[in-house]
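To start, the structure itself, in structure tokens.
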Amino acid sequence: MRTERDAAPAGPGKLVVDAAVTTRGVDVHLTVAPGEVVAVLGANGAGKSTLLSLVSGSARPDHGRITLDGRPLVDTATGTWVPPHERGVVLLAQQALLFPHMTAVANVAFGPRSRGASRREAQETALSWLAAVDATEFAERRPHQLSGGQAQRVAIARALAAEPVLLLLDEPMAALDVAVAPALRQLLRSVLRGTGRTALFVTHDLVDALSLADRVVVMEDGRIVEDGPARTVLAQPRSSFAARIAGIDLIPGVVTEDGLVTTDGLRVHGQVAVGATIGEAGVAVFRPAAVAVHLTVPTGSPRNHFPVVISELEPRGEIVRVRSQDDRSGGTGGLVADITAASAADLELVPGKRVHFAVKATEVAVHAAASQP
């Protein structure tokens with residue numbers, strides 16, 4: 001196998017991934033523009049971590065090609081393979097993973113020193129990045145003397161001091177206390193925007209996606225099924241996972257008429273929204289707040305009604321979220337209704353009770369389903 005040893009290009013890079021790992025059922029086709037920040041969403045086992053591993057070089061594809069600024073990182077057709085440390089790619093993980101025997105400033109200076117900078121130059125670079133992430137006061141502390149948030153700030157400084165062409169982030173806020181995460185999220189947003197760094201990051205957090213990403217891709221079963229601006233994907237979800245994290249009900253099926261989705265004998269009427277074509281896969285989506293709960297089959301204006309069994313009641317202040325068992329929702333974890341606490345009490349709702357969810361057709365949007373492999 002030929003090993004590519006050309007120097008990594010400087011500045012933000014364009015990433016192109018066209019690679020598959022057959023044993024893991026992963027087949028990814030993705031382009032990230034220079035300076036773009038792309039969030040990767042998906043359920044556990046969807047292939048998100050495998051994607052990062054392929055790009056970072058900790059995993060090899062069974063076939064395919066990955067390039068960064070046109071430079072092949074791996075190409076199975078030609079036998080090209082660039083070792084991880086020569087790719088110009090840095091991974092920021094959930095845990096800071098700082099060198100335990102080094103001070104914070106020495107950790108940050110490690111990257112510049114590895115690239116051939118003098119001790120003085122590396123020290124100056126490290127201090128400037130510690131200042132950028134508001135961590136100068138921790139410069140002489142060792143990792144065991146830092147809190148989780150402090151350590152992650154140092155880890156961000158270390159990652160950026162290495163001047164990566166591409167920054168990979170694997171849920172960098174997931175291990176942090178909820179009181180610390182917002183400040184670090186704002187810091188990361190400022191740093192990414194300020195440096196124009198190309199970044200690809202995995203997250204389960206809707207706030208991360210909305211606040212950090214230019215674009216969102218959703219993975220299911222090893223493939224990308226949705227791709228678009230963050231707010232568009234989350235406001236108009238076409239996959240089960242995107243609907244779930246956006247807090248929206250989704251029923252998949254086939255578009256049999258304009259504004260009609262049919263699945264397992266269930267007919268869902270709505271308004272045609274995005275590219276729904278008769279005879280092709282489609283989804284009906286609606287807000288939980290638009291759902292009414294009835295003890296018997298409703299009559300009157302609601303055109304859609306679904307017999308369900310309550311699985312859980314979740315108080316949310318004056319609102320109660322009523323979750324149903326997953327019998328008609330195509331893997332979304334059950335349809336959801338948001339009703340007032342007074343209504344829940346009047347209906348005497350409890351887990352295991354059979355009720356009817358109802359929603360007006362005017363509250364239902366019919367989209368083309370997410371692309372399938």
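The values are calculated or read from the model by the stated rules, or taken from the named source; none is laboratory data. Everything numeric here is computed off the predicted structure, so don't read it as measured data. No Cβ is skipped: glycine too gets one built from the backbone with ideal geometry, and neighbour counts run over all protein chains shown.
Just one of Leu160, Leu169 is under 22 Å from Ser56 (Cβ atoms) and in contact with a strand residue (DSSP E or B) (Cβ under 6 Å, 6 or more places away or on another chain); which is it? Among Leu160, Leu169, only Leu169 is under 22 Å from Ser56 (Cβ atoms) and in contact with a strand residue (DSSP E or B) (Cβ under 6 Å, 6 or more places away or on another chain). Of the residues making up region 126-172, those that are more than 19 Å from Glu86 (Cα to Cα) and out of contact with any Pro (no Cβ under 9 Å at 6 or more places or on another chain) number 26.
Among the conditions (1) surrounded by 21 or more Cβ atoms within 10 Å (Cβ to Cβ); (2) touching a residue at least 60 places away in the same chain (Cβ under 8 Å), Leu54 misses just one, which is (2).
Determine whether region 56-68 contains at least one residue that is touching a Gly at 6+ places or on another chain (Cβ under 9 Å) and of a type in the set (D, E, K, R). No: zero hits.
Residues that are in a loop (DSSP other than H, G, I, E, B) and within 23 Å of Thr195 (Cβ to Cβ) within region 119-145 comprise Val133, Asp134, Ala135, Ala139, listed in sequence order. Figure legend. Inter-residue proximity from region 341-366: first residues free of Cβ contacts under 8 Å to residues at least 40 places away in the same chain, second residues surrounded by fewer than 17 Cβ atoms within 10 Å (Cβ to Cβ) and not in a strand (DSSP E or B), beta-carbon distance below 7 Å, spacing 6+ or different chains. Indicated pairs: Ala341/Glu318. A count restricted to region 342-354 and to residues that are out of contact with any Leu (no Cβ under 9 Å at 6 or more places or on another chain) and closer than 15 Å to Glu312 by Cβ stands at 1. Starting from residues that are modelled with pLDDT under 90 and closer than 26 Å to Leu260 by Cβ, keep the ones in region 309-329 and report whichever is surrounded by the fewest Cβ atoms within 10 Å (Cβ to Cβ). Selected residue: Asp327.
Within region 131-149, the set of residues being in contact with a Lys or Arg (Cβ under 8 Å, 6 or more places away or on another chain) and crowded, with 19+ Cβ neighbours inside 10 Å comprises Val133, Ala135, Phe138.
Elements of the type strands (runs of 3 or more DSSP E) sitting completely within region 159-260 and holding at least 3 residues that are crowded, with 22+ Cβ neighbours inside 10 Å: these cover 166-170, 198-202, 215-220, 249-257. For Gly279, the conditions (1) under 21 Å from Val322 (Cβ atoms); (2) in contact with a Ser or Thr (Cβ under 9 Å, 6 or more places away or on another chain); (3) of a type in the set (Gly, Ala, Ser) all hold with the exception of (1). Give the residues of region 100-130 that are at pLDDT 90 or above and either acidic (Asp, Glu) or exposed (fewer than 13 other Cβ atoms within 10 Å of the Cβ) (or both), sorted by residue number. Across region 100-130, the qualifying residues are Pro100, His101, Ser118, Arg119, Arg120, Glu121, Glu124.
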